[in-house]
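In what follows, a structure is listed as structure tokens, so that the remarks can point back to it.
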Amino acid sequence: MVEPLPSQETASLVKRLAGPSTGKAGLSKDQTDINRVIADVSKGSKFYENEKKKDKELSKKIEHILHLRDDLINRPGVNLAKTEAQVDQILHKLESERDLSQTIVHFDLDSFFASVEVLNDPTLAGKPFAVGHSVLSTASYEARKYGVRSGMATFVAKKLCPQLIMVSHSSSYSEPSHKVMEICSRYDPQMCPAGCDEGYLNITKYCAEHNISSEACVEHLRSTVFNETKLTVSAGIAPNLMLAKICSDKNKPNGQYSMPFDSVLIKSFMKELPIRRIPGIGRVSERLLESIGIKTCGDIYTHRATLSLMDKQFGLIHLLRTHLGIASNTVQPPQREERKSIGAERTFSPLQDKQKILDKLEEVCAELESDMEQTQWTGRTITLKYKLDSFEVFTRAKSFDRWISKKEELFAIGQELLLPELPLTIRLIGLRVTKLKDLRGPNPSTGIKRFFDAGNSPNPNKKPKLADSEEVPDENLPDFASPANPSVKPSSSRNEKSRTQHQSPFQRETHQCPVCDKQIPTENHAFNAHLDSCLSRSAIRQAQAEARPSPKQAQGNMLERWTKMAPKRLDR
DNA sequence: GCGGATCAC
DNA sequence: TATGGTGATCCGC
């Protein structure tokens, strides 16, 4: 029974099946054919059915958003010209705070795992091969010509490229990764690694001290990396992290691209840029934005009135800044105390038998205990995650008034959360611990090693930290556990992070206005005064739009939950 | 605090 | 035949 779906529906499903990484990089012109093959291979599988279901729900959500948009636009008192004028005011304000003074670099090793494998087995050079097990981590550039992508199931990749050579994660990647990070950190000791194969630098100081151009600096960095590791790296140079990241993709592999440090040229660059290229905009956000006519960053301006009316759904300020090509330009190493969770999960062939499922849970618990022990974290909220053989994912959580570390405890809690859900057919079990407490004292380490050993706050000036308070073993205990000391949220109160959002390095700075990213004096008064002035404009707009308090940060999630699914349970 | 969902790597 | 693991964030409730 072939039931014809609306063409939009199939198109988006076919695209969805092609995998998350499709569309991020440049797509070849016969991507449509490739997507067709992928869809055909997948058809009928449980994975496919689940993707289809998710795609349908997204379509419904879009329908709802379009109705909401029409409703808002036609609301009495709404004047689109006036709304546009107000947005233009915000744009003017944002523009006036553009900072072109810092030179940011994003570096990215070219197909890192694949390149390391070639070094270990030179016969792979020039051949289509991929690294991974059931799902690909990386594909060589030859394999990519066939449409093979990371995140793709191996059997699908083989269908696209029958000659594809599969290589399992044989080598150790950490040594070359550390070596590259060490080299890059020579150009900025505050380097921020982003995963094992990329990172951010602020080379402003380095270039000034060595009296060289940023281009020459990055050429030097890239050739040094190559000489010392035989790995090629691509890089982007720009006035902020977002642009640098986008630029590093432009001349990949083994190339670099420099953004002009000129607001007019930056804006013309952004105008044609597909929104999907913006870090943080994935396949879902892409479809949502596309539904209201936004495909490129230039379209953000065209539809600014709609976005203003639908700030709640789309996050106006963040999109406006994106359209202008404005983003954070502060680079700092990740800090240990910023960690929010630690977890472990495992996929296996679907299991129904209760005892077998519990065995898997126990394994996961043992793994988690070991990781927590090694990294010296404990926590008081435990979240169980399970995935059915239908690929639907669920979580169940519980918080405690004590710190959980031992596998026996983890296992007992895991069972408590899981057993009421059974019987089920499960293909994945995971456990995650949040509300963490650092068992390692704030013990600043020295040298380059800090990048690799999970942090250890390398910023001594940032945390004078009362010498005795850290001796109190229960400093992080929640209120009810230490009634005498109501000073919860130590990590927020220690350094004014309570109003800052960290999402990726793009917004990780400590004393930066979330609206305009200006660096603000750390005194609360100055910071809040600035923030308020920054947000007042959106407040005006909001009042007209319909109501709702002011948006508290620039980065709005586009996916407000508007349909409530029954908290799915298999009926027995 | 909990659960669902998106996103990056 | 068959589609990963870790961590973060956001939203609604």
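The values are calculated or read from the model by the stated rules, or taken from the named source; none is laboratory data. Computed from a predicted model, the values in this text were never measured in an experiment. Counting neighbours? That spans all protein chains shown, and the Cβs are built from the backbone with ideal geometry, glycine included. Accessible surface is based on the protein model in full, side chains and every heavy atom, while ligands, DNA and RNA are left aside. Shrake-Rupley method; radii C 1.70, N 1.55, O 1.52, S 1.80 Å.
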Does the range A:206-354 classify as rounded, prolate or oblate by the C-alpha gyration tensor (a ≥ b ≥ c root eigenvalues; a/c under 1.5 gives rounded; else a/b over b/c gives prolate, otherwise oblate)?
oblate
Of the listed pairs A:LYS61/A:LYS312; A:LYS15/A:LYS54; A:LYS271/A:LYS295; A:LYS15/A:LYS61; A:LYS61/A:LYS385; A:LYS43/A:LYS159, those with alpha carbons more than 20 Å apart are A:LYS61/A:LYS385
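Determine the gain in length on full extension of the stretch A:SER172-A:ALA81; use 0.36 nm per residue of separation and subtract their C-alpha separation, reporting nm with one decimal.
Separation in residues times 0.36 nm, less the Cα-Cα distance, equals 26.9 nm.
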Given a Förster distance of 51 Å, the FRET efficiency implied by the Cβ-Cβ spacing of A:LYS250 and A:LEU66, rounded to the nearest 0.05, works out to 0.90
Between A:VAL393 and A:GLU363, the two model label points (7 Å from Cα along the beta-carbon direction) sit apart by a distance in nm of 2.0
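Quick check: from the Cα gyration tensor, does the range A:77-222 come out rounded (a/c under 1.5), prolate or oblate?
Judged from the Cα gyration tensor, the range A:77-222 comes out oblate (a/c at least 1.5, b/c at or above a/b).
If you take the square roots of the eigenvalues of the alpha-carbon gyration tensor of the range A:15-141 and sort them as a ≥ b ≥ c, do you get rounded (a/c under 1.5), prolate (a/b over b/c) or oblate? Let's see the in-between values first.
Numbers: a/c = 3.82, a/b = 1.47, b/c = 2.60.
The shape class here is oblate.
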Rounded to the nearest 0.05, what FRET efficiency do A:GLU49 and A:GLU416 have when you use their Cβ-Cβ distance and R0 = 25 Å?
0.20
What residues from the range A:143-166 fall in the zone where the backbone N is under 14 Å from a label point 7 Å along the Cα-to-C-beta line of A:ASP121?
A:164-166
What are the extents of the Cα atoms of the range A:304-370 along their three principal axes, in Å, largest first?
57, 33, 17
Rounded FRET efficiency, nearest 0.05, which uses the C-beta distance separating A:LYS93 from A:GLN190 and R0 of 22 Å
0.15
A:ASP33-A:THR302 pseudo-label distance in nm [points 7 Å out on the Cα-to-Cβ vector]:
3.0
1.4 Å probe accessible area per residue over the range A:157-275, in Å²:
43
For the pairs A:LYS354/A:LYS398; A:LYS60/A:LYS158; A:LYS252/A:LYS387; A:LYS245/A:LYS340; A:LYS179/A:LYS205, note any where the Cα-Cα span goes beyond 31 Å.
A:LYS60/A:LYS158; A:LYS252/A:LYS387
